[in-house]
Amino acid sequence: MVTDNMNNRECDGQREQPPETKAKTDNADTATALPQLKNIQEAADFVEKLNGKQRNMLFAAIIERQQKETGAVNEVLSYQNVKNSTKMQYVRVPTNSTEESFMKNSAWINRAIEINGGGKDEGRKNKTVKLMLKKIKRTYQGTFDEAISEFNMKPPETMDSVKVAAMFKARKITTIRQRRALLRHLRHHFGKSAFETEKKVDDFLSEGHAEEAISQWIAKVDADACRGPRKSKEEKEDEQKKVQKVRNPDGMLHLD
């Protein structure tokens, strides 16, 4: 009975295909059914007809294919924009909750720096890193200062208007030309943000209590200079140990 049925199907040209052959045939039929996309609008129209699940599957397949071709697992997608003939690149950014996992999965940072810098040229990459750090500092000032403090690097403290004005008075610098010349050299050495702006200093000097505040700060600086540098706790302990070494058994200091 079974043999007869199989023979009949063979005679009718309807012999069953193996599963793998059938799958290939189905894929071929699907490929021939896809539209022959000629421009970006036709591609957009085709994608628009897909539902959410179909778009996700198509996108995942394209990403996997591009990764195999480029060998860049951290690069999500790289393609040629047909609108302006530019290369579009996207990097996969993983989610991390600990410093260990972040450092372990940080290869995307290097890839993003290369893309932004336009290649692997060290000069361009260094410029990108510098710009990134500036942006991070301006946007996340507190967090930035906290991070660099972990490397025993003290964030620079801006010399406020009182201190700048006191410096001018202590050195008898009165003209605008003299002030600018001095600050130009100091900013070149300590950085542009190390001193308050000229406008804020002028605004402070126009206030009624400026002279009193300046005099108090000058007095404080002079007093600190007379006392000399403050000793650390370790230095004080070392001095105490030296004193104890020269003590006699009766507890008196040995003055010889």
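The values are calculated or read from the model by the stated rules, or taken from the named source; none is laboratory data. All values derive from a computational prediction rather than experimental measurement. A quick note on method: Cβ atoms are made from the backbone with ideal geometry, for glycine too, and the neighbour counts reach across all protein chains shown. For the accessible areas, the whole protein counts, side chains as well, though only heavy atoms, and no ligand, DNA or RNA atoms are used. Shrake-Rupley method; radii C 1.70, N 1.55, O 1.52, S 1.80 Å.
In a residue-by-residue description of the range 203-213, the property of being in contact with a Phe, Trp or Tyr (Cβ under 7 Å, 6 or more places away or on another chain), surrounded by 12 or more Cβ atoms within 10 Å (Cβ to Cβ) and of a type in the set (Gly, Ala, Ser) applies to at least one position.
Only one entry in 238, 224 is at pLDDT 75 or above, of a type in the set (D, E, K, R) and either surrounded by 10 or more Cβ atoms within 10 Å (Cβ to Cβ) or more than 21 Å from residue 157 (Cβ to Cβ) (or both), namely 224.
What do you reckon, is residue 170 open to solvent by less than 70 Å² (accessible area, probe 1.4 Å), in contact (Cβ under 8 Å) with a residue 40 or more places away in the chain and more than 26 Å from the chain's Cα centre (by Cα)? Here the answer is yes, as residue 170 does meet what is asked. Summed over the range 165-174, residues that are assigned to a helix (DSSP H, G or I) and either touching a Ser or Thr at 6+ places or on another chain (Cβ under 9 Å) or among the basic types (Lys, Arg) (or both) total 3.
Among the helices (runs of 4 or more DSSP H) confined to the range 67-164, the ones with at least 1 residues that are over 30 Å from residue 219 (Cα atoms), in contact (Cβ under 8 Å) with a residue 12 or more places away in the chain and out of contact with any Ser or Thr (no Cβ under 6 Å at 6 or more places or on another chain) are located at 107-117, 122-139. Taking the range 18-59 as the search range and keeping residues that are open to solvent by 100 Å² or more (accessible area, probe 1.4 Å) and at pLDDT below 80, which one is nearest to residue 85 (Cα to Cα)? It comes out as 38.
Scanning the range 188-220 for residues that are touching a residue at least 12 places away in the same chain (Cβ under 8 Å) and part of a loop (DSSP other than H, G, I, E, B) gives 191, 196. Scanning the range 121-154 for residues that are open to solvent by less than 80 Å² (accessible area, probe 1.4 Å) and among the acidic types (Asp, Glu) yields one hit, 145.
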